[in-house]
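No value in this document is a laboratory result; all are computed from the given coordinates. All of these numbers come straight from a predicted model, not from anything done at the bench. Virtual Cβ from ideal backbone geometry, glycine too; neighbours counted across all protein chains shown.
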Amino acid sequence: MVDTYIFRGKTIEQLKSMSTEELIKITNADTRHVLKKGFSPEEKILLKKIEKRAKAKKSIKTHVREMIILPSFVGLTIGVHNGKEFVPVEIKPNMVFHRLGEYALTTKQVRPGAPGLRATRSSGFVPIK
């Protein structure tokens, strides 16, 4: 049995063929509000880039982290800026109707390390290897 992604009873192919008004009806309240309000100028530019480059399968770089992932984005790789660099995000069906910024983390996990040389008075007696 092949696992296919289903969002509220619709496959990804059915979602791609739906109009914006039909998509608005099946999304959650937050996404519905954003889609009804319309896209910002930056989001419109990103949509045009995606339409042009979707056929060429080229990577697209963007700073628009708050963009809602639409069904037409599935299969693309989008470089999302995390404040320092562009993180490549491969769009998969289960990411639809989430935001791009959710998949490009802005902070790294802090892991405790060994104390530095002369970090405290007692570390002066730690043997250096």
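In this simple spin-label model, placing a label point 7 Å from the Cα along the Cα-to-Cβ direction at both Glu90 and Ser59 gives a separation of 1.3 nm.
The GluC sites (Glu not before Pro) of segment 1-70 meeting both criteria, a DSSP state outside H, G, I, E and B (loop) and at most 13 other C-beta atoms within 10 angstrom of the site's C-beta, are Glu66. Using 0.36 nm per residue and subtracting the Cα-Cα separation, the extra length available between Asp30 and Thr4 on full extension is 6.9 nm.
If a spin label sat at a point 7 angstrom from the Cα of Glu43 along the line to its beta carbon, the backbone N atoms of segment 57-74 nearer than 12 Å would be those of 64-70. Size descriptors for segment 6-106: radius of gyration and Dmax over Cα atoms are 13.1, 39 Å.
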